[in-house]
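**Student:** Dropping the structure in here first, questions after.
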Amino acid sequence: MLKYILRRIIMLIPVLLGVAFCVFTLLYFTPGDPARMVLGDLATDEAIKEFRDKEGLNDPFLVQFGNYIWKAVAHGDIGRSYSSKRPVMQEILTAFPYTLKLSAFAMIIAIIIGIPCGIISAIKQYSWFDTITMIFAMIGLSMPVFWLGLLLILFFAVRLRWLPSSGFSTFKAMILPSVALAAQSISMVTRMTRSSMLEVIRADYIRTARAKGQKESIVIGVHALRNALIPVVTLCGLQFGQLLSGAILTESIFAVPGVGRLMVNAIMSRDYPMVQGGVLFIAVTFSIVNLLVDLLYAYIDPRIKAELK
Amino acid sequence: MDNMLDIRNLTIHYEVESGTVHAVEGLNLTLGRGESLGFVGETGAGKTTTALGIMRLIPNPPGKIKSGEIIFDGENLLDKSEAEMRKIRGEKIAMIFQDPMTSLNPVMTVDKQIAEMISLHKKVTKSEALKLAGDMLELVGIRRERMHDYPHQFSGGMKQRVVIAIALACDPELLIADEPTTALDVTIQAQVLELMKELKQKFSASMILITHDLGIVAEICDKVAIMYAGRVVEYADKRSLYSHPIHPYTRGLFRSVPDIDEDVDELPVIPGLMPDPVNLPSGCAFHPRCSMATEECAKVRPEMQEAEPGHFAACPFCVKKFMNGEAL
Ligand SMILES: Nc1ncnc2c1ncn2[C@@H]1O[C@H](COP(=O)(O)OP(=O)(O)OP(=O)(O)O)[C@@H](O)[C@H]1O
Ligand code: SF4
Ligand SMILES: [Mg+2]
């Protein structure tokens with residue numbers, strides 16, 4: 001098992017190098033002079049030349065890339081933001097806890113609502129509960145998050161004045177953004193739980209459990225659920241990875257100072273080091289979450305665990 | 001000998017898109033204590049459905065027991081509540097299912113799956129149940145050290161042994177084995193059958209053995225019931241059935257069993273196909289395929305008649321001929 005984890009971590013290296021290379025190249029060839037971006041239109045030519053020399057912007061492409069990687073690995077330095085002048089790493093680490101909290105809340109909501117709804121829908125297939133749940137899941141899936149976010153703000157913040165529409169410091173303020181972000185995940189988790197459960201409750205080993213004289217609650221709650229959750233765990237992990245990296249819209253609407261908003265601002269102001277660092281950071285988080293999901297997967301499915309040995 | 005199981009007029013339907021599947025249609029069957037019955041029929045005849053009906057495990061929807069009685073130990077199982085049935089399943093009636101590959105829970109170790117059965121019906125602690133589970137495994141010929149393994153770590157034959165261990169763990173009065181060996185390859189088949197024969201003796205259980213294979217029946221069973229399109233068409237003890245089958249369908253089955261002594265190029269098969277269970281033929285369901293069919297056969301559904309003591313067949317013409325000593 002340990003060997004497998006190590007191998008997976010080593011396999012991450014080329015992936016991350018690849019991501020870094022792509023982002024670096026893309027931004028390198030984007031029109032616009034970073035020196036001008038930083039110093040402003042009024043800067044003298046001398047100042048610009050000096051900045052380019054200092055930042056190594058005149059070096060050949062590969063040298064620049066090599067320097068970038070070297071600094072990242074050796075010093076955890078992935079550049080300095082052009083606009084705030086603070087280290088990119090520091091900016092990201094300040095923003096990340098917000099994103100993490102937001103994603104975690106959204107994921108918890110999705111699991112708490114999605115899994116029970118999926119189970120009930122499956123064991124009461126075609127009942128009114130199932131029909132209504134599936135309609136809501138459809139709506140949740142197809143409703144764009146910015147639209148849902150605005151509706152939530154209009155209703156709960158502007159009209160009812162129950163919850164604040166922005167800021168992310170109190171528990172109350174976290175409710176609306178978490179719900180908006182969770183909507184798609186709830187729908188996906190519900191649908192996945194339902195279909196997986198539907199498949200499992202027709203399985204022969206469920207019949208075996210019933211033939212033993214086992215109670216229906218245990219047949220469903222233990223025998224069926226444990227098997228049905230295997231694909232749901234994967235989905236939740238992938239969803240969580242996606243939430244962590246893609247809460248950009250939600251963060252913008254609800255003014256949550258997370259990584260997503262940091263990235264949007266960086267892109268708008270052509271803050272290259274910030275964009276580069278942000279993308280790299282997202283790639284790393286995504287890979288780590290994926291690795292964790294695979295390990296969890298092996299933990300709940302003995303067939304996979306056996307393959308890893 | 002009193003009858004431990006007496007099925008009367010059992011009718012089980014499945015509602016599907018194309019209509020009603022008459023899986024079991026007015027089936028009658030009896031089984032004495034300690035006897036083993038071979039339950040033979042083509043695929044789709046309704047054998048598994050009958051077995052699941054006895055266990056009250058027909059998937060609903062789409063299936064439903066429409067009418068009839070299943071008298072087990074003097075009580076009608078169809079009147080039992082779900083809670084009462086749970087006491088009977090596993091403890092009084094145990095079932096071995098058709099496919100060992102999918103009959104075990106893939107995420108549970110086998111000792112736990114056997115122990116679950118024991119804990120449900122015996123007053124034992126968890127660790128005692130696990131110990132008994134290990135004993136059961138040894139009984140079916142699997143080393144105790146393997147008890148913490150998962151099903152995927154076993155071969156098909158071993159899985160079927162585990163399934164047998166589960167079924168016998170609580171010493172049931174009646175064991176229903178649904179084609180316990182069809183999914184296994186031939187050498188393993190023989191071993192598993194041998195094991196079942198041995199254990200049946202040891203546990204002195206009655207048994208219903210569902211199969212397509214008349215050879216297996218000859219080896220293990222005392223009685224034979226031949227099923228066709230949801231009904232039993234012939235029922236007798238093994239000796240009389242094998243020496244002089246009466247129903248045309250049964251005789252067709254025997255003709256299609258290869259005989260090593262005879263050198264034939266082609267097996268005579270019963271012409272035609274199993275009837276569509278959604279639209280069963282009127283009268284005798286076998287009449288479209290029967291070489292002896294008369295107009296009468298398409299109109300009246302033949303009842304079981306006793307041709308000689310203990311030998312019943314659902315074909316009045318053949319029974320009459322047999323009793324008159326005419327050749328069939
Ligand atoms: N869950 C179900 N839904 C709908 N129809 C079913 C269902 N189970 C069985 N049937 C139908 O009922 C009939 C009897 O099926 P059954 O499984 O009892 O046959 P069988 O004699 O056990 O056949 P086999 O030898 O292939 O196992 C078949 O026509 C089958 O298609
Ligand atoms: S009742 Fe008629 S159709 Fe049916 S088996 Fe007898 S002869 Fe054939
Ligand atoms: Mg069957």
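The values are calculated or read from the model by the stated rules, or taken from the named source; none is laboratory data. Source: prediction; values computed, not measured. Neighbour counts run over all protein chains shown; Cβ positions are idealised from the backbone, glycine included. Heavy atoms of the whole protein, side chains included, go into the accessibility calculation; ligands, DNA and RNA do not. Shrake-Rupley method; radii C 1.70, N 1.55, O 1.52, S 1.80 Å.
**Student:** Structure shown: which of A:212/B:299; B:64/B:321; A:124/B:87; B:87/B:131 lie over 32 Å apart, alpha-carbon to alpha-carbon? Numbers along the way, then the final one.
**Tutor:** Values: A:212/B:299 43 Å; B:64/B:321 38 Å; A:124/B:87 25 Å; B:87/B:131 22 Å.
Long pairs (Cα-Cα over 32 Å): A:212/B:299; B:64/B:321.
**Student:** So what's Rg/Rh here for segment A:28-81, counting alpha carbon atoms and using the Kirkwood radius for Rh? Each step should come with its number before you reach the end.
**Tutor:** Numbers: Rg = 12.3 Å, Rh = 12.2 Å.
Rounded to two decimals, Rg over Rh is 1.00.
**Student:** Which of the lysines could a cross-linker bridge to residue B:66, judged by Cα under 18 Å and excluding same-chain residues fewer than eight apart?
**Tutor:** Result set, ordered by chain and number: B:47, B:80.
**Student:** By the gyration tensor of its Cα atoms, with a ≥ b ≥ c the square roots of the eigenvalues, what is the shape of segment B:112-221: rounded for a/c under 1.5, prolate for a/b over b/c, or oblate?
**Tutor:** Values: a/c = 2.35, a/b = 1.45, b/c = 1.62.
It comes out oblate by the Cα gyration axes.
**Student:** Leaving out ligands, DNA and RNA but keeping every protein chain, what accessible area does residue B:84 have, in Å² rounded to the nearest 10, with a 1.4 Å probe?
**Tutor:** Number for this one is 90 Å².
**Student:** Another question, then. Kirkwood Rh and Cα-based Rg: tell me the resulting Rg over Rh for chain B, rounded to two decimals.
**Tutor:** Rg divided by Rh gives 0.99.
**Student:** By a straight-distance test (C-alpha under 14 Å), which aspartates and glutamates pair with residue A:101 as possible cross-link partners, with residues fewer than eight away in the same chain excluded?
**Tutor:** Within the straight-line limit of under 14 Å, residue A:101 reaches these aspartates and glutamates: A:251.
**Student:** Hey, can you rank B:295-306, B:45-56, A:145-156, A:194-205 by average C-beta count inside 10 Å, highest first?
**Tutor:** Working: B:295-306: 14.3, B:45-56: 23.1, A:145-156: 16.4, A:194-205: 19.1.
The most tightly packed comes first, giving B:45-56, A:194-205, A:145-156, B:295-306.
**Student:** Need one value: the accessible area of residue B:315 in square angstrom, 1.4 angstrom probe, rounded to the nearest 10.
**Tutor:** Rounded to the nearest 10, that gives 20 Å².
**Student:** Describe numerically, in nm with one decimal, the distance between label points set 7 Å from Cα along Cα→Cβ at residue B:298 and at residue A:57.
**Tutor:** Reported label-point gap for residue B:298 and residue A:57 is 9.6 nm.
**Student:** Under a plain spin-label model, where a point goes 7 Å from the Cα along Cα-to-Cβ, how far apart in nm are residue A:7 and residue B:243?
**Tutor:** Between residue A:7 and residue B:243, the label points sit 6.6 nm apart.
**Student:** Where does segment B:1-104 land on the Kirkwood hydrodynamic radius, alpha-carbon pairs, in angstrom? Numbers along the way, then the final one.
**Tutor:** On the way: mean 1/r = 0.0685 Å⁻¹.
Result for segment B:1-104 stands at 14.6 Å.
**Student:** I'd like the Kirkwood hydrodynamic radius of segment A:1-133, using the inverse of the mean 1/r over distinct C-alpha pairs, in Å.
**Tutor:** Working: mean 1/r = 0.0509 Å⁻¹.
The answer is 19.7 Å.
**Student:** For residue B:202 and residue B:8 in the same chain, what is the full-extension length gain: residue separation times 0.36 nm, less their Cα-Cα distance, in nm? Before the final figure, lay out each step's value.
**Tutor:** Working: separation 194, 0.36 × 194 = 69.84 nm, distance 3.00 nm.
Here the segment from residue B:202 to residue B:8 would lengthen by 66.8 nm.
**Student:** Moving on to the next point. For residue B:171 and residue B:64, compute 0.36 nm times the residue count separating them, minus their Cα-Cα distance, and round to one decimal in nm. Write out the running numbers ahead of the final one.
**Tutor:** Working: separation 107, 0.36 × 107 = 38.52 nm, distance 2.91 nm.
Value of the extension gain: 35.6 nm.
**Student:** Could I ask something else about it? How large is the convex hull of the Cα atoms of segment B:63-148 per residue, expressed in Å³ as a whole number?
**Tutor:** On the way: hull volume 12.4 nm³, N = 86.
Residue-normalised Cα hull volume stands at 144 Å³.
**Student:** Reported to two decimal places, what Rg/Rh ratio describes the protein assembly as shown when computed on Cα atoms with Rh from the Kirkwood expression? Write out the running numbers ahead of the final one.
**Tutor:** On the way: Rg = 35.0 Å, Rh = 30.1 Å.
A ratio of 1.16.
**Student:** Classify segment B:193-328 from the C-alpha gyration tensor, please: rounded if a/c falls under 1.5, else prolate or oblate depending on whether a/b exceeds b/c. Intermediate values should be presented prior to the final figure.
**Tutor:** Working: a/c = 1.63, a/b = 1.47, b/c = 1.11.
Cα axes put segment B:193-328 in the prolate bin.
**Student:** Going by average Cβ neighbours within 10 Å, how do the peptides A:87-100, A:276-289, B:60-73 rank, with the highest at the top? It would help to have the intermediate numbers written out before the result.
**Tutor:** Numbers: A:87-100: 18.6, A:276-289: 20.1, B:60-73: 15.8.
Final packing ranking: A:276-289, A:87-100, B:60-73.
**Student:** Counting only residues 5 or more places away or on other chains, whose amide H sits under 5 Å from the amide H of residue B:24 once H atoms are built in the peptide plane?
**Tutor:** Distant-sequence amide H within range of residue B:24: B:12.
**Student:** Which whole-number percent is the relative contact order of chain A (Cα, under 8 Å, 6+ apart)? Don't skip to the answer; put the middle values down first.
**Tutor:** On the way: 337 pairs, mean separation 76.0, N = 309.
Once normalised by length, the contact order is 25 percent.
**Student:** Same structure again: Which of rounded, prolate, oblate describes segment A:82-140, given a ≥ b ≥ c as roots of the alpha-carbon gyration tensor eigenvalues and a/c under 1.5 marking rounded, otherwise prolate only if a/b is larger than b/c? Working shown, then result.
**Tutor:** Numbers: a/c = 7.45, a/b = 3.74, b/c = 1.99.
Verdict is prolate for segment A:82-140.
**Student:** Residue A:70 to residue B:152: FRET efficiency via 1/(1 + (r/R0)^6), r the Cβ-Cβ distance, R0 41 Å, to the nearest 0.05? Write down the numbers at each step before the final one.
**Tutor:** Numbers: r = 47 Å, r/R0 = 1.15.
For R0 = 41 Å, the calculated efficiency reads 0.30.
**Student:** Follow-up. Among A:138, A:192, A:107, determine the one that fluctuates most according to a GNM of chain A built with springs between C-alpha atoms less than 10 Å apart.
**Tutor:** Between A:138, A:192, A:107, it is A:138 that shows the largest mean-square fluctuation.
**Student:** For residue B:233, enumerate residues with amide H under 5 Å from its amide H, sequence gap 5+ or separate chain, H modeled in the peptide plane.
**Tutor:** The answer is B:226, B:227, B:228.
**Student:** Could you work out the mean projected area of the convex hull around the alpha carbons of segment A:95-308, in square nanometres to one decimal?
**Tutor:** 14.3 nm²
**Student:** Under the definition of Cα pairs under 8 Å and six or more residues apart, what whole-number percent is the relative contact order of chain B?
**Tutor:** Numbers: 603 pairs, mean separation 64.4, N = 328.
Result for chain B is 20 percent.
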